[in-house]
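One structure is given here, and the rest of the page talks about it.
The values are calculated or read from the model by the stated rules, or taken from the named source; none is laboratory data. This is a predicted model, so every value here is computed, not measured. Positions of Cβ are generated from backbone atoms using ideal geometry, with glycine treated the same way; all protein chains shown enter the neighbour counts. To get the accessible areas, we keep the full protein, side chains included, count just its heavy atoms, and leave off ligands, DNA and RNA. Shrake-Rupley method; radii C 1.70, N 1.55, O 1.52, S 1.80 Å.
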Amino acid sequence: MTWVGSSPPRPDARAKVDGTAQYVADLSVPGAWHGWTVRSPVPRGRITIIDVDPARAADGEIVVVTAADLPGPNVLQVIKDDWPVLADTRCGHLNEPLALVAAPTRERARAAAARIRVDVEAETPVLTLDDADVELASCSIDHGDVETGFALADHVIEGTFESGHHEHAYIEPQGVIAIPGDGTLEVIGSLQCPYYLHHALVHLLDGTGTKIRVRQAVTGGGFGGKEEFPDMIGAHAALLARACGRPVKLIYDRHEDIIGSTKRHPSRVRHRTGVAADGTLVAQDIEVLLDAGAYVTLTPVVLSRAVIHAAGAYRCPHVRIRGRALKTNTPPNGAFRGFGAPQSETAMERQMDRIGRQLDIDPLTLRLHNAYREGDVTPTGQVLDASVSALEVLEKAAAKSDFSAKWAYYESEYGAAFRTQWNPCNGIGIALAWHGAGFTGDGERRLAAKAAVEITTAGRVRVLVASTDFGQGTTAVLAQMVADGLGVDLDRIDVAEPDTDHVPDSGPTVASRTVMIVGGVLTRGAMKLGRKLRDAVASAAGIPPDDVVLTDDRYRSADGTDLSSFDDAARRHGPLRVEETHVTPAGKTFDETTYQGTAYPAYGWACNVVELTVDPDTLEVDLEKVTVACDVGRAIHPVLCAGQIEGGALQAVAWGYLEEVKCQDGRYLNDRLQTCIIPTARDAPDFETILVENPAPSNPHGAKGVGEIPMDVGAAATLAAIENATGLAAASIPATPERLLTLLQERDDAKEDPA
Amino acid sequence: MTYAYTLKVNGRHAPIQADPMRRLLDVLREDLGLTGAKEGCGEGECGACAVLLDGEPVCSCLVPVTQAEGRAITTVEGLAEDKDLDPLQEAFVTEGGVQCGACTPGILVTARAFLDNTRDHGRPLRRDPDRDHIREALAGNLCRCTGYEPILRSIIATPARPPEECERAAVVLPPVQPLPLADAITRLVNGATPIAGCTDLMVQGIDPGAPIVDLLTIPELSGIECGDDVIDIGAATTFTEFREHPAAGALLALDDAAAMVGGWQIQTRATIGGNIATASPAGDSLPALLALDAELVLHGPDGPRTIPYAEMHTGYRQTALRPGELIVRIRVPHPPPGTFHCFRKVGTRAAQAISKVVVAMVARPEGRRLTHVRIAAGSVADRPIRLRATEALLEGQGPGGAHPEAAGAAARAEVSPIDDVRSTREYRSWVLGRVVSWMVRSFWMSRTFRSG
Ligand SMILES: Cc1cc2nc3c(=O)[nH]c(=O)nc-3n(C[C@H](O)[C@H](O)[C@H](O)COP(=O)(O)OP(=O)(O)OC[C@H]3O[C@@H](n4cnc5c(N)ncnc54)[C@H](O)[C@@H]3O)c2cc1C
Ligand code: FES
Ligand code: FES
């Protein structure tokens, strides 16, 4: 049988349901102390004093680390060398780490941290995009000539869209444990990218001759939030562990997690679109602005993805996109599921709705008319030569949800008449997404991801990858791919714990790249390994290798003679190992200066339809149903695939109407779960998930990744549904009742409606 | 100072030594090595720490160990028997109910309690669960990975257990040693802190070794008596107990409020007396109690006294309680048949939310007239308030004289709410008006339907 395409139980599920799975906070490390972080009291200023004496006087045992104690450079290497491990001379945002404390108990560490005196000469902070002028990243795309395009347009339509900070709210907060040894340092943590942290620690302890080992503990959700941020907390724990000469646990509580960790970049996207009378897009001029926060982190890559996706899944001959990310004195923003694409695609989908209303074309027709077909060219000049499913996902989701009929009915029944309704009004909205799978441009070529597969003499197959499972089901899916590559039973496969001492660098678990890239490498490796064992069996039997086949765990010759069981073959010829490296297909290149070329090896396509009601008495939104048709290339594990889509879609939809992090004077006001609102089971809608499988030719199984695309346009479909119900077009998210009220009152004022 | 406790965890006795207010979560994880329950927030919001106390889900981060003694504690580790997974666990494995797993332990125990609950009052029978009921039961368990859909699928796919097994799971142990009221007052006078369901107290934080008086052990504070004239509710009655008591059917405004307090884990523990004593302007039961003309029986060093509930809240989080005084009973006049009740909470989300605005209205129809009108609101002032001008506008009016929009406008004119992290003054004021109009309109509609 083939495992790919079936839904076997995920290997980590058993320990997660019986309570034995060991997350980082669950690990008991004898003799471990606990860490706490001292943070800056103002968003911007010159640090004049960090006085630890009062803390030491009160508790003689504690260990304190400041920037002065760093053995090497005071920088977390991500993209630019601007992010200090511990701020020393200046602080760039509120709650920036300044010093670290370790003590035998968490309470003592916390008490000591509170006693450390910090004086900062406050300076006027830059807090909003309007005030910001320092550019931390920029990129742009020119395709055709926009001015020519606008000259051809019958209508020119403009629109602006804004979004704020967005909290990952993984249920397990950030945490790491650092364990010092003799010339070694081991860090175990809740993380997505063990080699990122490894790299950060090597850099941090440069020159100390310390051998670094990073292991991933069972990880309770990431969504990008445990991509680069664990470099920070991991570095902190490492410093404390070195200073105390004993293991140190640094486990954030929820409050500290929220104030201390990265968020989704706030955005402002401006559109100017030239449209022909029949609704054809002829020119797009787009400006994408991101608020990077105080440091660069991964901002250039987030911006790049935002820009490449900004023109949406639509063909258009003349496109100009300008992207800039600006520095503010707010905590740095970083990776979050979708990586910039949700901001720019949500803006684009709202612009499509604006165009449809102006031209009186319904949202589905307008999208079907303009959506990419095979052979179309993207703004980066990439020819979409295969696996383009925009029309298919639109049609499937629309048909399943009966979109057109409902939209037209609600539009005539409610919409402008919303104000006078007594009962909740229905609305339905549709949005289309595309998402480039894998790293942008030449990222994969530069990274050259590695993965290994081994057969032990006991007949076990070990998969060695640095790819992590933080809920998505990576281990299950990679095991399926290897089982098929080798032609063996899934039960034989063990996916090794991600541990930099044992697994090769398969790259980070981000960008929906794991199944497509790492899975591809593994499949090739598994096939090679299978051939190795088969060849050994053949040569022992003295027959040509091609005459030997493996079926039902036995090697047989072409004439059906039984040669050996898999176990026996493994015992005789093992252990065997194959390490494989990712190779980018020739001819597919991307120029990072001109932003022209093959931006991604393949694209996923998704259509979200959101159905909801809005209560005219309270402007509360009640989600009813979300229908998602998503082309994932190949659903390796349909149950997990659907789970990714449903979970991602709820995050996206809730980002559209519910989830808000208010940032005032550089401080997040929603700094605990009581105020940082994410949907409960009662807020969540029913889901209808349609998996579409149009394989990408670029990799063995054709999978295109499913991690991020569900996040891209759920918010746009939600805003469209709210508009369908109420006639209120929110241009910033989330569309909370408070924001909708402002729009309602503006509409009433415009009409001078005395009611 | 620490004490010796014997906990009954997953059917086994576990002796421990702890401060009385040490969190059950820490005892389980650190003292007993049961790390299944997770800490996702430490303040009752996420449910990752949920365990069962006598078969009902609670947030173990909000339960002090002193209140866990003598109760049957079930953690996720206790669901499987030896090596055999509970069919619920099996379903989560096969139906995709587990992703990162951080929410899973709390969700599993809550779902187990939900599926085993055989009582039919307050909450509907759960033998054949439908989606809405599951959603309500899980409202206190946040999951960030699944969108809840695979979790619902897993629970629906779980076969029902035979009723005998469910009953066994819900067995209640004998109550702990009762504490005489007089002794409690003496201890309060000596500086002890009164604790009830601890859902506010543990969030605010309390020294684990602080001297306490456990109000749940005082007989005078428990039980509901449903008389012809008065419904007399013990201050230590939890919202779940109230919802499951027949009295709830007579006090619909309070019942609806109780149903909207937190999630299931909070309702299991949170008491009505605690809601009053905390005196949050957003407390959900408070407008209902105001609209129902409740009285409070207080007991202090000088003995008992009775005050109208309307005199209880004297300022922002201030009450009329004197030092050493407790709320003992909440006495609510038994509403005559036909009384109109209406309650509406506008929160930050559909469940487990703090109110942006909360309104309760109680009125008696006399012929085609509105009489005995009581409208009270929370989160629009520094304390829950009666909207007396609006009441006066409506009192005695017939359909022609009490226009819903006018009532809404009057309500708006009576308050000046504030901006905070949850909402804005504009929205609060607007929505108060809309909700009051809606209530008045609902009153007339209920009349129309009744007479028609
Ligand atoms: C996650 C979560 C969600 C919540 N959701 C809601 C909600 O939706 N609506 C809402 O209104 N509240 C909500 N709350 C707040 C809280 O649950 C309620 O206020 C609850 O009723 C408090 O009761 P308790 O028994 O837990 O009080 P405790 O925490 O035990 O006590 C609270 C205070 O009251 C005092 N006290 C308690 N009983 C008495 C008494 N009989 N006499 C004198 N003093 C007394 C205590 O000393 C303490 O100071 C929520 C809390 C949490 C953690
Ligand atoms: S830890 Fe979140 S509810 Fe207890
Ligand atoms: S499975 Fe990750 S939070 Fe629910």
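Note that region B:3-169 presents 33 Å² accessible area per residue, ligands and nucleic acids not counted, probe 1.4 Å. Which part of region B:200-231 falls in the paramagnetic zone of B:M1, meaning amide N under 16 Å from the point 7 Å along Cα-to-beta-carbon? Residues B:208-213 qualify, since their backbone N sits under 16 Å from the label point. The charge dipole of chain A, taken about the Cα centre with unit charges on the Cβ atoms of Lys, Arg (+1) and Asp, Glu (-1), comes to about 1880 debye, rounded to the nearest 20.
Loop-located trypsin sites (Lys or Arg not before Pro) in region A:279-375 (DSSP state other than H, G, I, E, B) with a sparse environment of at most 15 neighbouring Cβ atoms within 10 Å: A:R373.
Pairs over the 26 Å Cα-Cα cut-off, from the set A:K249/B:K8; A:K450/A:K528; A:K406/B:K345; A:K450/A:K704: A:K249/B:K8; A:K406/B:K345. Computed from backbone phi, the HN-Hα couplings of region A:216-223 come to 9, 7, 3, 10, x, x, x, 6 Hz, rounded to whole numbers (Karplus: 6.51 cos²θ - 1.76 cosθ + 1.60, θ = phi - 60°; Gly and Pro given as x). Extending 7 Å from the Cα toward the beta-carbon at both A:A114 and B:A182 defines two label points whose distance is 4.0 nm. Quick one: net charge around A:K396, please, counting Lys, Arg +1 and Asp, Glu -1 for every other residue with C-beta under 14 Å from its C-beta. Summing Lys/Arg as +1 and Asp/Glu as -1 gives -4.
When only Cα pairs below 8 angstrom with a gap of at least 6 residues are kept, chain B shows a relative contact order of 11 percent. Measuring max minus min along each principal axis, the C-alpha atoms of region A:291-389 give extents of 43, 32, 24 Å (largest first). Taking a quarter of the surface of the Cα convex hull of region B:142-272 gives a mean projected area of 12.1 nm². If R₀ is 22 angstrom, what is the calculated FRET efficiency for the pair A:R56 and A:R106, using the beta carbon separation as r and rounding to 0.05? E between A:R56 and A:R106, to the nearest 0.05, is 0.75. For region A:449-581, the relative contact order works out to 35 percent when only alpha carbon pairs closer than 8 Å and six or more residues apart are counted.
Counted over all Cα-Cα pairs of chain B, pairs farther apart than 28 Å make up 53 percent. Summed over both chains, the contact between B and A buries some 5700 Å² of accessible surface at a probe radius of 1.4 Å. Entry note, region B:3-169: relative contact order of 23 percent, from Cα contacts under 8 Å with a spacing of 6+ residues. When the square roots of the Cα gyration tensor eigenvalues are ordered a ≥ b ≥ c, the ratio a/c for region B:3-169 is 1.5 or more and a/b exceeds b/c, which makes its shape prolate. Look at where the Cα atoms of region B:231-246 and of region B:352-421 average out, and the two centres are 26 Å apart. Of the GluC sites (Glu not before Pro) found in region A:45-153, those that fall in a DSSP loop while having at most 12 other beta-carbon atoms within 10 Å are A:E61.
Around the amide H of B:Y3, modelled in the peptide plane, lie the amide H atoms of B:A18, B:D19, all under 5 Å away and 5 or more residues distant in sequence or on another chain. Pull out a ≥ b ≥ c, the square roots of the eigenvalues of the alpha-carbon gyration tensor of chain A, then state rounded if a/c is under 1.5, prolate if not and a/b is larger than b/c, and oblate in the remaining case. It comes out oblate by the Cα gyration axes.
Where Rh is the Kirkwood radius over the Cα pairs of region A:449-581, the temperature 37 °C and the viscosity 0.692 mPa s, what D in µm²/s does Stokes-Einstein return? D = 220 µm²/s. Mean silhouette area of region A:26-169, derived from the convex hull of its C-alpha atoms and averaged over all directions, reads 14.3 nm². The residues of region A:449-581 have, on average, 36 Å² of accessible surface per residue, using a 1.4 Å probe with all protein chains present. Dipole magnitude for region B:3-169: computed about the Cα centre from +1 point charges on Lys and Arg Cβ and -1 point charges on Asp and Glu Cβ, it is near 140 debye. For region B:240-297, the solvent-accessible area of protein heavy atoms averages 20 Å² per residue (probe radius 1.4 Å; ligands and nucleic acids excluded). Taken over the C-alpha atoms, region B:340-450 has Rg and Dmax values of 13.7, 44 angstrom.
Shown here for region B:309-390: trypsin sites (Lys or Arg not before Pro) in loop regions (DSSP other than H, G, I, E, B) with at most 14 other Cβ atoms within 10 Å, namely B:R317, B:R368. Counted by Cβ distance under 11 Å from A:E172, the other residues give a net charge of +1, where Lys and Arg count +1 and Asp and Glu count -1. As a fraction of the 1.4 Å probe accessible area of the protein assembly as shown, surface on carbon and sulfur atoms comes out at 50 percent.
Could you estimate the translational diffusion coefficient of region A:137-237 from the Stokes-Einstein equation, with Rh from the Kirkwood formula over C-alpha pairs, at 25 °C and 0.890 mPa s, in whole µm²/s? The estimated diffusion coefficient comes to 144 µm²/s. Distances between placed amide hydrogens fall under 5 Å for A:V75 paired with A:V85, all partners being 5 or more residues away or on another chain. Burial here means at least 20 square angstrom less accessible surface with every protein chain in place than with the chain by itself, probed at 1.4 Å; in region B:379-423 the buried residues are B:V421, B:R422.
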